[in-house]
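Working notes for the structure below.
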Number of protein chains: 2
Amino acid sequence: MSDDVITELAVHDVRFPTSRTLAGSDALNLDPDYSATYVVVRVGEDGPSGHGLAFTNGRGNEICVTAVEALRHHVVGRSLSGIFDDLNGFWRSLVRDTQLRWLGPEKGIMHMATAAIVNAVWDLEAKRQGLPMWKLLADMPPEQLIAAVEWSYLSDALTPEQALDLLRERREGMAEREEVLRRTGLPAYTTSAGWLGYGDDQMVELAREALDEGFTHLKMKVGGDPDDDLRRARLLREVIGPDNTLMMDANQRWDVGEAITRMRGLAEVRPWWIEEPTNPDDVLGHARIAEAIDPIVVATGENAHNRVMFKQLLQAGGMGIVQIDACRVAGVNEVLGVLLLAAAFDKPVCPHAGGVGLCEYVQHLAAFDYLCLSGTQEGRLVEYVDHLHEHFVDPVVAEGGRYRTPLEPGYSVELHPESITRYSFPHGAEWTTS
Amino acid sequence: MSDDVITELAVHDVRFPTSRTLAGSDALNLDPDYSATYVVVRVGEDGPSGHGLAFTNGRGNEICVTAVEALRHHVVGRSLSGIFDDLNGFWRSLVRDTQLRWLGPEKGIMHMATAAIVNAVWDLEAKRQGLPMWKLLADMPPEQLIAAVEWSYLSDALTPEQALDLLRERREGMAEREEVLRRTGLPAYTTSAGWLGYGDDQMVELAREALDEGFTHLKMKVGGDPDDDLRRARLLREVIGPDNTLMMDANQRWDVGEAITRMRGLAEVRPWWIEEPTNPDDVLGHARIAEAIDPIVVATGENAHNRVMFKQLLQAGGMGIVQIDACRVAGVNEVLGVLLLAAAFDKPVCPHAGGVGLCEYVQHLAAFDYLCLSGTQEGRLVEYVDHLHEHFVDPVVAEGGRYRTPLEPGYSVELHPESITRYSFPHGAEWTTS
């Protein structure tokens, strides 16, 4: 069993200087350097390695690295089979560390560091079994999936017994769906055209390119000057025509009343959803906005920091689209809980992606959701941004506006060793020679 | 103006080995080592220094220290007068750092690190003016207080104009109240008796001591075995008699339904409040519990991570007692916003204290609230725990169940240099010789 024990946990501070081009700029994130707190775990002496990351925006990535170090003693020395025999026990040992818990609880840097570790451990198991993450999850008995989730604080919305029933019911037709998935992949939408830092011409050109590539759903950033937002939105609607779908993202820019006013002003271009119209912690605010701007749907989740926030946003009617993120909540275990909540409340999951590694991650989560929970691709799209994929060993592939289903073993966020070296902060060549 | 520029920001990792005695143990924090991310700012070469801290539970304090370092560039080189001319501008520069913001936003480690810095800057200004913090705040024109608060995301509950009216209205009688404050201090309650790690005999003995010292309000920890909780609660009620007041603290132990059941089972001992009955992020859950267990009041706030959470808990009716914490939200600026919200919703403020330095901090906030907002001491108590005060240059003094009003300049959390040296982690004598 020596190759079953985790003997090593390494963590790297990897940063890509994306702020030099303003890709990824929005109303609140003006100059992101897409970065990763990158974790590698290893079993045995020459055993396989598992790779996980938490996405950050540049400065402060070193804080998240320090947080991973603080969690190391819960990981190194444990057996992988022991972890998978008691998945929630493992998760709790990280999240409920009796002293570290105060620093959250269950939010922010501690939770993101936990995500990087938890995801690396799942990646390792998937690689040992020779399965892509989505397939590892889909093949797990419903009982084991349920046992991976932390159920505390959820019982007023969903109990483990109800969730188990749901998973069992939805097994029907899974084999057929897997065949569809392998053949046709997953529907995607693109944010590449509509960044706030881009001029009108660049936006139009990129939108045309996206249409040519086969995208039918495009998202634009809003939250700037109202006239600018409307001009850009009209332009984009004109370019994509009446039959394609336009979505909007305000990146938390507005107060509650302002969000309502502003979205009424943009309703003429018929956006499907408005994403993060206000502060991500504001459950009651999201509910009020959703009620006021119907039929425009409120989408949120990339900054919903744990399962208790998702629970409330669903209970209150403030989350019409569930935008899970793979490494804001504490890794696969907590995402499973959120996917179960979304299914119980019958709300579509459209994962947040972009950044670095997020597309690689969430394709697996969306595939699992399709196979085991939603049972449909209708109204389910995965965000796609064509950026930084070249650094990954098994990058996502988008074709014709769809993600191709990943078939290599693991969770797909393993970086090329050269990329880690070159972009390590502050001593990598990219940071010392520029 | 050279003595107006902040030339130095030092940060220390200070930890007290409180887990050796189980003081401070509760349902979720089993073995805290009360710790401080301790910040010192200085102006000029031989100028005065300002001292602030963020309280943590031991492990992970180094992460918060790293977060302070990441914020240093927003502080060093700024003029103190410039900061106080635009208090919210200063706060925003820390909280809205375009790259660091992703790590919260506005929550967890980043927010706690910000609190330590912001509080140190206020301490420095109070010392330069020769005023205790409460007096610095009370003497500020209402316009300047309003200008210290970040108003985004609050307008659906309270606008700056409404808050300004409130502050102006409540000026009346302030001089008389200040006289009362200086003469009689502030009412306190004690948690010293009821820690979960203590046996029945120890609890009874400590409760008797507290009554002898003049306390009329005692709080006990609950959330253990139901029979144990009830036995301990009956015992405590018996010791304190029918006329004193008993409060309870569940430290987030229960799900929503469980909290309701458990508090109905404890209602016979007539607790005034139940504190943190469930997850601190669960706004809707707190509201449901509050409605179900009336007339027992729901108290929360020590883990409410920012003003948006306080806003919602008040809007939803889930926060009957507002338990502000001086360094979980981002320092004095954000606490001011929360105090204004509490006043607008007419809910009493009973600050969270204990730990290390929290009593020293919150006495100033409670005094300001009494002078400028609530106007009464009725139903307003400050938590008191008799622990670790000997490490402070100007420690709190409790007499006859009340805090004596602090009169020395500053915010009272300056540690003795010997305490910093001895308890610095990991190289201080306390950690190397034991």
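The values are calculated or read from the model by the stated rules, or taken from the named source; none is laboratory data. Predicted, not measured: the structure shown is a model, and the values here were computed from it. Counting neighbours? That spans all protein chains shown, and the Cβs are built from the backbone with ideal geometry, glycine included.
Residues are listed down the side, and each one gets a yes or a no for (1) in the same structural domain as A:GLU275 (by TED's automatic domain parsing); (2) out of contact with any strand residue (DSSP E or B) (no Cβ under 6 Å at 6 or more places or on another chain); (3) over 26 Å from A:SER152 (Cβ atoms):
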residue	(1), (2), (3)
A:ALA342	yes, no, no
A:VAL349	yes, no, no
A:VAL356	yes, no, yes
A:LEU365	yes, yes, no
A:SER374	yes, yes, no
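More than 9 Å from chain A (Cβ to nearest Cβ), among the β-branched types (Val, Ile, Thr) and not in a loop (DSSP other than H, G, I, E, B), is that true of B:THR66? Before the answer, list the steps.
Working: more than 9 Å from chain A (Cβ to nearest Cβ): no; among the β-branched types (Val, Ile, Thr): yes; not in a loop (DSSP other than H, G, I, E, B): yes.
For B:THR66, the condition - more than 9 Å from chain A (Cβ to nearest Cβ), among the β-branched types (Val, Ile, Thr) and not in a loop (DSSP other than H, G, I, E, B) - is not met.
Could you tell me which numbered condition A:GLU408 fails, if it satisfies all but one of (1) assigned to a loop (DSSP other than H, G, I, E, B); (2) surrounded by fewer than 21 Cβ atoms within 10 Å (Cβ to Cβ); (3) free of Cβ contacts under 8 Å to residues at least 60 places away in the same chain?
Of everything listed in (1) assigned to a loop (DSSP other than H, G, I, E, B); (2) surrounded by fewer than 21 Cβ atoms within 10 Å (Cβ to Cβ); (3) free of Cβ contacts under 8 Å to residues at least 60 places away in the same chain, A:GLU408 misses just condition (3).
When you check B:VAL362 against the structure, is it among the β-branched types (Val, Ile, Thr), within 17 Å of B:ALA326 (Cα to Cα), out of contact with any Phe, Trp or Tyr (no Cβ under 8 Å at 6 or more places or on another chain) and without any contact (Cβ under 8 Å) to a residue 60 or more places away in the chain, yes or no? Spell out how you get there, then give the answer.
Values: among the β-branched types (Val, Ile, Thr): yes; within 17 Å of B:ALA326 (Cα to Cα): yes; out of contact with any Phe, Trp or Tyr (no Cβ under 8 Å at 6 or more places or on another chain): yes; without any contact (Cβ under 8 Å) to a residue 60 or more places away in the chain: yes.
Yes: the conditions hold for B:VAL362.
Within region A:219-240, work out how many residues are part of a loop (DSSP other than H, G, I, E, B) and among the β-branched types (Val, Ile, Thr). It would help to see each step written out before you state the result.
First, pick out the residues of region A:219-240 that are part of a loop (DSSP other than H, G, I, E, B): A:222-225.
After this cut, where a residue has to be among the β-branched types (Val, Ile, Thr) as well, the list is A:222.
Looking only at that region, the number is 1.
Return the residues of region B:386-426 that are within 19 Å of the chain's Cα centre (by Cα), closer than 21 Å to B:GLU62 by Cα and of a type in the set (A, V, I, L, M, F, W, C); say none if nothing qualifies.
If the condition is that a residue be within 19 Å of the chain's Cα centre (by Cα), closer than 21 Å to B:GLU62 by Cα and of a type in the set (A, V, I, L, M, F, W, C), then B:LEU388, B:VAL413, B:LEU415 are the ones that fit.
Condition check ((1) under 21 Å from the mean Cα position of the chain (by Cα); (2) not assigned by TED's automatic domain parsing to the domain that holds B:ARG402) across all residues:
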site	(1), (2)
B:GLN162	no, yes
B:LEU166	no, yes
B:GLY185	yes, no
B:GLU205	no, no
B:THR245	no, no
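Run down B:LEU30, B:LEU53, B:LEU22 and say which single residue is modelled with pLDDT under 95 and under 16 Å from A:LEU103 (Cα atoms).
Values: B:LEU53 fails: modelled with pLDDT under 95; B:LEU22 fails: under 16 Å from A:LEU103 (Cα atoms).
B:LEU30 is the lone residue from the list that is modelled with pLDDT under 95 and under 16 Å from A:LEU103 (Cα atoms).
Would you check which residues across region B:306-352 are out of contact with any Ser or Thr (no Cβ under 8 Å at 6 or more places or on another chain) and either without any contact (Cβ under 8 Å) to a residue 12 or more places away in the chain or of a type in the set (S, T, N, Q) (or both) and list them?
Result: B:ASN306, B:GLN312, B:GLN315, B:ASN333, B:ASP346.
As an exercise: evaluate B:ASP123 against (1) away from chain A (no Cβ under 14 Å); (2) over 21 Å from the mean Cα position of the chain (by Cα); (3) within 25 Å of B:ILE146 (Cα to Cα) and give the number of the one condition it does not meet.
Evaluating B:ASP123 over (1) away from chain A (no Cβ under 14 Å); (2) over 21 Å from the mean Cα position of the chain (by Cα); (3) within 25 Å of B:ILE146 (Cα to Cα) leaves (2) as the failure.
A:MET112: in contact with a helix residue (DSSP H, G or I) (Cβ under 7 Å, 6 or more places away or on another chain), surrounded by 19 or more Cβ atoms within 10 Å (Cβ to Cβ) and not β-branched (Val, Ile, Thr), yes or no? Explain how you work it out, then say what you get.
Details: in contact with a helix residue (DSSP H, G or I) (Cβ under 7 Å, 6 or more places away or on another chain): yes; surrounded by 19 or more Cβ atoms within 10 Å (Cβ to Cβ): yes; not β-branched (Val, Ile, Thr): yes.
Spelling it out, A:MET112 is indeed in contact with a helix residue (DSSP H, G or I) (Cβ under 7 Å, 6 or more places away or on another chain), surrounded by 19 or more Cβ atoms within 10 Å (Cβ to Cβ) and not β-branched (Val, Ile, Thr).
Does region B:154-170 include one or more residues that are away from chain A (no Cβ under 12 Å), surrounded by fewer than 23 Cβ atoms within 10 Å (Cβ to Cβ), outside any helix (DSSP H, G or I) and out of contact with any Gly (no Cβ under 7 Å at 6 or more places or on another chain)?
No - not one qualifying residue is present in region B:154-170.
Can you report the number of residues in region B:126-153 which are in a helix (DSSP H, G or I) and aromatic (Phe, Trp, Tyr)? Outline the logic, then answer.
First, pick out the residues of region B:126-153 that are in a helix (DSSP H, G or I): B:126-129, B:133-139, B:142-146.
With aromatic (Phe, Trp, Tyr) added as a condition, the list becomes B:134.
Residues that pass the stated criteria total 1.
Looking at region A:87-108, which of its residues are touching a residue at least 12 places away in the same chain (Cβ under 8 Å) and among the aromatic types (Phe, Trp, Tyr)?
Residues satisfying the conditions are A:PHE90, A:TRP91.
Could you grab me the full set of residues in region B:185-209 that are touching a Ser or Thr at 6+ places or on another chain (Cβ under 6 Å) and modelled with pLDDT of 95 or more?
Within region B:185-209, B:GLY185 is the sole residue that qualifies.
Going residue by residue through region A:189-206, is there one that turns out to be crowded, with 17+ Cβ neighbours inside 10 Å, within 14 Å of another protein chain (Cβ to nearest Cβ) and in a loop (DSSP other than H, G, I, E, B)? It would help to see each step written out before you state the result.
Narrowing region A:189-206 to residues crowded, with 17+ Cβ neighbours inside 10 Å: A:189-196, A:198, A:203-204, A:206.
From what's left, within 14 Å of another protein chain (Cβ to nearest Cβ): A:196.
Filter once more, keeping what is in a loop (DSSP other than H, G, I, E, B): A:196.
Looking through region A:189-206, at least one residue is crowded, with 17+ Cβ neighbours inside 10 Å, within 14 Å of another protein chain (Cβ to nearest Cβ) and in a loop (DSSP other than H, G, I, E, B).
Would you pick out the residues in region A:77-120 that are within 14 Å of another protein chain (Cβ to nearest Cβ) and polar (S, T, N, Q)?
The answer is A:SER93, A:THR98, A:GLN99, A:THR114.
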